[in-house]
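Here's the structure, in structure tokens; my notes come after.
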């Protein structure tokens, strides 16, 4: 094992840092904290590590270990072989940088990382694709020593940068190009590997992502035996993004097909899928936390929903809403939706007050004007907001204290 580690470490130093595109995420290289990057598989966490490594003058100061490397079989007892292998290669090294990819694959990893932090190096960077697993271990074993960043698939601004599209919001040509790219983004989503892939290859890549998420991050991680029910649930949830999700309805559908499952298991599926960054949820706002049980379900990337649902392609309003939800989550906003007589898609809570309200619709016309405006106004009146925002595909104007903005422009700003 130690010899394999030496090969892994030495090969990385010899081959150098792979080519990468800069992400618009500001992560410090010398924070004095354990930096954790948490997000879905294939969202670009590894390449963010490469981006950070590029700031280190001497690559041999870096130890990079991918814990999903099939050559390496770690447990809590043999993790120290990493240091032994490195120091046998470089006995005179003093300041080192440690980069551990998908570290949640090793049990009790946090004890090892804590010891490294206390006695070896303050420059430690870890990634993982399990939010609750990492956060639980960080909270218990590494409390006070870490700073965490949520890494999601590319924002539209990053997507445009990856395609070398200028951020020209003002000229006629610049806006036309951005609108064209945004419509493509609505189809392809933001997984970095998909950006420049053709349509057929994109579908194959996305299917491989979803397969790994289901089998590795759900079935294996949580030892799920009712695989038929799980697959049905995942497809149902992704197909119904930006809608309220009814556990009771899914339970009855499975029951009608002769698939035995409890409602508690379906609630667990939601929790597991959020943990694995397949889905995210937004609660209906209530003054009482106990009453915030009704939820809307969203895909972590719209392309996953389109992969399993042909009908979703016709519902661009829900696609827009899903994209807006992901962006609000990327900005680490505390998000709810609000309902009185009408509904407001998103309200933002900061500390103890609601500070923003958003409505999302494909277009603003006579058929939906009353519903969209009144839903937004109800939220504005309830929370004493001076202005509200309606996000559409391509309309832009102002109505009193309501601003109507194209989603693509809001994302670029």
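Of note:
- Value in Å of the Kirkwood radius, where region 333-413 supplies the Cα pairs that are averaged: 12.7 Å
- For a modelled paramagnetic label at residue 262, 7 Å from Cα along Cα-to-Cβ, the residues of region 197-223 in reach, with backbone nitrogen under 17 Å, are 223.
- Using 0.36 nm per residue and subtracting the Cα-Cα separation, the extra length available between residue 255 and residue 339 on full extension is 27.1 nm.
- Relative exposure of 302, 390, judged by other C-beta atoms within 10 Å (fewest first): 390, 302
- Gaussian network model of the chain, Cα within-10 Å springs - most flexible of 150, 30, 240: 30
- Between residue 70 and residue 95, the simple spin-label model (points 7 angstrom out along Cα→Cβ) gives 3.9 nm.
- Along its three principal directions, the equivalent ellipsoid of region 164-312 from the Cα gyration tensor extends over semi-axes of 33, 20, 13 Å, largest first.
- Computed log₁₀ I(q)/I(0) - Debye formula, equal Cα scatterers, no solvent, region 65-211, q 0.09 Å⁻¹: -0.46
- Residue-averaged 222 nm ellipticity for the chain, from DSSP H runs of 4+ at -39500 (n - 2.57), nearest 500: -12500 deg cm²/dmol
- Full-extension gain in nm, residue 26 to residue 397, via 0.36 nm per residue minus C-alpha separation: 130.3 nm
- Packing order of peptides 164-171, 346-353, 273-280, 189-196, highest average first: 273-280, 189-196, 346-353, 164-171 (average count of other Cβ atoms within 10 Å over each peptide's residues).
- Cα long-axis angle, helix 227-239 against the chain (0 to 90 degrees, to the nearest 10): 50 degrees
- Kirkwood Rh, Cα atoms: Rg over Rh of region 2-150: 0.92
- Rough spin-label spacing in nm, given labels placed 7 Å along Cα→Cβ, for residue 77 and residue 215: 3.0 nm
- A Förster radius of 41 Å, combined with the Cβ-Cβ distance separating residue 2 from residue 198, puts the computed FRET efficiency at roughly 0.40.
- Principal-axis tilt of helix 263-275 within the chain, Cα atoms, nearest 10 degrees: 60 degrees
- Highest-fluctuation residue, 326, 297, 17 considered, GNM on the chain with Cα pairs under 10 Å: 17
- Nearest-0.05 FRET efficiency for residue 315 and residue 184, computed from C-beta distance (R0 22 Å): 0.80
- Straightening the chain between residue 88 and residue 165 buys 23.0 nm, computed as 0.36 nm per residue apart minus the Cα-Cα spacing.
- Taking one quarter of the surface of the convex hull spanned by the alpha-carbon atoms of the chain gives a direction-averaged projected area of 22.7 nm².
- Cα-based helix-to-principal-axis angle, 199-212 vs the chain, degrees rounded to 10: 70 degrees
- Spin-label model, residue 176 to residue 351: label points 7 Å out along the Cα-to-beta-carbon direction sit 4.8 nm apart.
Values quoted throughout were computed directly from the atomic coordinates according to the rules given, and no laboratory measurement underlies them. A quick note: this is a predicted structure, and the numbers were derived from the prediction, not measured. Note that we place each Cβ from the backbone using ideal geometry, even for glycine, and neighbour counts take in every protein chain shown.
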